[in-house]
Every structure is written in structure tokens, then in C-alpha cells.
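Chemist: Here it is: the structure, laid out below.
We did not get these values from a lab; they are worked out from the coordinates using the rules stated. Predicted, not measured: the structure shown is a model, and the values here were computed from it. FYI the Cβ positions are ideal-geometry reconstructions off the backbone, even for glycines, and counts take in every protein chain you see.
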Amino acid sequence: MLIRAGYDIRFETDRPTPMLAMLSIHPSRNKDLRSPQRLTASPDVPMYDYVDAFGNVCTRVTVPAGGLTLSADFTIEDDGLPDVPPPWGPQTAVEDLPDETLLFLLGSRYCETDRLMQAAWGMFGHITDGRGRVETIVNWVHNHITFGYEYARSDRTAWNGYQERVGVCRDFAHLAVTLCRCMNIPARYCTGYLGDIGVPPVDAPMDFSAWFDVYLGGAWYTYDARHNRPRIGRILMAQGRDATDTALTTAFGPAALVNFVVKTEEVTD
């Protein structure tokens, strides 16, 4: 399967404003590209990339006075298969987890494990199967939070989502990640492209999406508490502890987002 994806995003500001952008696909998907993936800027300004501690490609750029448009358009190959679930069986004991997964058991900016620990063990402590525990958490979060773009808020944490019971995809992911970590299952936050491939199209503008991975059975597996079903055609952009590590853009000064267009569609001809 071929997927055409990209974006057109514009910021306006009255002064030069440094910005960090995570708008490139994750290096793990580079081998699947079938056309070059180039982040272009208008006007043409200097940019350079580096790879952060989580393996994400980060672009440094300064938005000039007046504004800047960032865009990309590329084609990528996908296996066309839905998300694969982990095997059934007990989760790995904390003392046997690989060192690099332990970071994803800890609390973070948007994932307050300390505030949700008691609730998590009260709801999910009786489940001994690792996959069963994760899927019960995902089902619970999916039913607990009401989705709506009008509920978007940049400072909502997992604890806030637990209390307010509303949010967007990042809020579903943050709450599910936090509950999994409370149950000693490493969980990392992910963001990327997710088009309406293999599902009825949604009558809403295309956007980037958030989901999460859990470490079970010696590997990472993808779950999505917002949609609560295996999906086709995810294109990972960034992964980390929470939305702090994977923010699409971070402006170090005033910069107004005035245009935001994302496309993700299967190539059918």
C-alpha cells in the first residue's frame, strides 16, 4: 500500500522567533519512503536537523518577522496491515525489564503516576495477564473520555483528563499511558499520521494523531485508546514520555498558528 502524506502549516509573528519542529517522520520509517521527504520553508530560511534522546528528528528554525510556512509532501509504503496485538501471557516483572524501558515506567509532565496509582491498582490490579490488563485499560479510557475538538487544551494532564472526562486524542493517550505505567507496564507516547484508511471517513479536517506503545512479551506494541481498534497506515513521527517530548512545534517566543492543513490518504491509482 502507498500512502501520500504531508502538511502545510503557517505561523505569523512580529519578531524573529526561534522554533523547534518535529514534523519529519521517525527514522524507523525512512526505509519505507518512496519519494523524498523534505521539510520546506517559505520564505527560504536556514534550518538544520538533529536527533534527540528518543530517536526523533528535530528541526531548528527561526520564524522571521512576518511569518513562515512549513510544508512537506511525500509518498510512503505501508504493509497495509492493522496494528498487531501482543501475545497473551503475564507481563514482564519490573526486575526483568530491559534498562532502556524503565524510563517509560516513570511519571512525566503530562502523566502523573503518583496521582493515579491508587485508582489504577483498584481498577486493574486483579488482572494478571499483561495483554488483558492493557486492553482493559484501553477500553476503560475509551469509554471514560468523551472526544471533541472543542475540548482541546494544551495543559490538560492525565489527571485532568481522568477528572474532566473530555479531551482529544492526546488526552486519551496520556491517560492510558499513565495507567499502564502505574501497573508496571512500560508505555511511551507516540504521534504521527493516521488517515481514514480501512474505516469510514470522518467528516472533520485531517489532523495528526496520538497513540501509545506498550512493552509486553519482549517487544513494543501499539494501542490507541481514542479509536479503540486496530488501524491501518500509521506513520510514526515522534515518540517519548508524553507530549512534551513529541510536540509538533515549540516556539521560543510569540508565534500565532494561522494555517494548519494535514493530508494522509491511500494512493489508489
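Chemist: When the chain is modelled as a GNM with alpha-carbon springs shorter than 10 Å, which of Ile145, Ile235, Ile197 fluctuates the most?
Modeler: Answer for the Gaussian network model of the chain: Ile197.
Chemist: Restricting the count to DSSP beta bridges whose residues both fall in segment 94-222, what percent are antiparallel, rounded to a multiple of 5? Display every interim value, and only then the final one.
Modeler: Working: 11 of 13 bridges.
So the antiparallel bridges amount to about 85 percent of the total.
Chemist: Considering only DSSP beta bridges whose two residues both sit in the chain, what percent are antiparallel, to the nearest 5? Before the final figure, lay out the partial values.
Modeler: Details: 55 of 57 bridges.
The answer is about 95 percent antiparallel.
Chemist: Between helix 130-144 and the chain, what is the angle of the helix's C-alpha long axis to the longest principal axis, kept within 0 to 90° and rounded to the nearest 10?
Modeler: With rounding to tens, the tilt is 60 degrees.
Chemist: Still on this structure, please answer the following. Could you run the Karplus curve 6.51 cos²θ - 1.76 cosθ + 1.60 with θ = phi - 60° over segment 261-269 and give me ³J(HN,Hα) per residue in whole Hz, x for Gly and Pro?
Modeler: With the stated coefficients, segment 261-269 comes to 10, 10, 10, 8, 8, 6, 7, 10, 10 Hz.
Chemist: Segment 169-188 to segment 62-89: how many Å between their Cα centroids?
Modeler: 21
Chemist: So which residue, out of Tyr151, Tyr193, Tyr50, gets the largest mean-square fluctuation from a GNM of the chain using Cα contacts under 10 Å as springs?
Modeler: Sorting by GNM fluctuation, first place goes to Tyr50.
Chemist: Within segment 156-191, whose backbone N sits under 18 Å from a point 7 Å along Cα→Cβ of Asp78?
Modeler: 169-170, 190-191
Chemist: If I build a Gaussian network model for the chain, linking alpha-carbon pairs within less than 10 angstrom, which residue out of Ser35, Ser108, Ser71 has the largest mean-square fluctuation?
Modeler: Its mean-square fluctuation being the largest, the pick is Ser35.
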